[in-house]
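The values are calculated or read from the model by the stated rules, or taken from the named source; none is laboratory data. As the structure is a prediction and not an experimental result, all values here were calculated from the model. As a convention, Cβ positions derive from the backbone with ideal geometry for all residues, glycine included, and neighbour counts pool all protein chains shown. Just so you know, the surface numbers come from the protein's heavy atoms only, side chains and all, with ligands and any DNA or RNA stripped out. Shrake-Rupley method; radii C 1.70, N 1.55, O 1.52, S 1.80 Å.
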Amino acid sequence: MPGDREILRTEGLWKRYGEITAVADMNLRVYEREVFSFLGPNGAGKSTTVGMILGLVRPTHGRALVLGHDMATHPWPTLKRVGAVIETPAFYPYLSGYENLRTLALMLRDIPPGRIDEMLELVGLRERGRDAYKHYSLGMKQRLGIASTLLRNPDLVILDEPTNGLDPAGTREVRELIPRLAEQGHAIFLCSHLLHEVQAVSDRVAIVKKGRVVSQGTVEELLGRGQYLRLRADDMPGLLRALDAVPWVTGAEAVDGYVRAAVPVARAAELNGILAQQRILLSELSPWETELEDVFLELTGAEAVA
Ligand code: ADP
């Protein structure tokens, strides 16, 4: 369950490159113990936003605050609290996963003994921790990368397209790991252009298009789950007219041979009674199930992605 402690906040964040507006008025909040997904097609402004969160890209306006600190002016103490897995870090191929983490821990200092084994356990590499890195699959390499950024126990973990280039097995391994990271207390900021990557693991999702958040909420909220009914009758124009006359039906439209009506599912029987009185007999009445993919494509106008 997400906590109350705010880890990341962006306030009216903008970035312009000459004529190009890469990020426009971005206002985000990310809390401890949550997976917050930043979902949008390529070129939507995700990397630029991450750059501003990390203090690497200077905002044109607004601020990115991590733990209340402005990353443009005071990045150094706070950067220690952020772990970013932007791409697979360079590891020594002939050393084992354990030895690679140990080398890193020696450089970072202050890493408690036992932390390396804990992290290997968390990312599912405990049993393979003594094998040479060069024998790891791509998914294992990526998971070791995630373990390496967790060594310092950061409050915020940024995962930028974490399954890029992975095979289906590797993708599944990384995807299963993401909610476990949030359970450990970290706030996870997951950037992706892949719906399937975020749908199952996110507490909240912001859909971004051309630098702007076009919709944000829980997956349930984005799907409008439980808020729409799917109806069919022989007399479809009559059905639409009848729905129009019911004051608490806030919208109804014909979609793919059905009527999609904005009606809470709990009022389905009541609606059916009203329609029957007007001799509109329904042949089908069910909750309208939406795929996040449809919402995403509608909001972003993006092409379907694998
Ligand atoms: P995403 O990560 O969602 O693919 P980006 O943040 O990389 O999107 O890019 C957003 C927009 O900003 C794109 O139109 C991109 O071409 C532009 N952009 C990004 N970085 C620069 C830069 N350094 N100079 C000029 N334009 C840039």
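Quick check on the stretch 211-226. Is at least one of its residues of a type in the set (K, R) and either open to solvent by less than 50 Å² (accessible area, probe 1.4 Å) or within 16 Å of the ligand (Cβ to nearest atom) (or both)? Yes, some residue in the stretch 211-226 is of a type in the set (K, R) and either open to solvent by less than 50 Å² (accessible area, probe 1.4 Å) or within 16 Å of the ligand (Cβ to nearest atom) (or both).
If you go through the stretch 42-65 one residue at a time, do you hit one that is away from the ligand (no atom under 16 Å from the Cβ), in contact (Cβ under 8 Å) with a residue 12 or more places away in the chain and in contact with a Lys or Arg (Cβ under 7 Å, 6 or more places away or on another chain)?
Applying the first criterion (away from the ligand (no atom under 16 Å from the Cβ)) to the stretch 42-65 yields 63, 65.
The next check asks that each one be in contact (Cβ under 8 Å) with a residue 12 or more places away in the chain; those that pass are 63, 65.
When the remaining residues are screened for being in contact with a Lys or Arg (Cβ under 7 Å, 6 or more places away or on another chain), the result is 65.
The answer is yes; a qualifying residue exists.
Considering (1) within 29 Å of the chain's Cα centre (by Cα); (2) aromatic (F, W, Y); (3) more than 30 Å from A44 (Cα to Cα), the lone condition that Y258 does not fulfil carries the number (1). Flag: L194 matches the condition of being open to solvent by 20 Å² or more (accessible area, probe 1.4 Å) and either at pLDDT 95 or above or closer than 30 Å to T163 by Cα (or both).
Screening the candidates A200, A187 for the property of being buried (at least 22 other Cβ atoms within 10 Å of the Cβ), within 18 Å of the chain's Cα centre (by Cα) and either at negative phi or in contact (Cβ under 8 Å) with a residue 40 or more places away in the chain (or both) yields one hit, A187.
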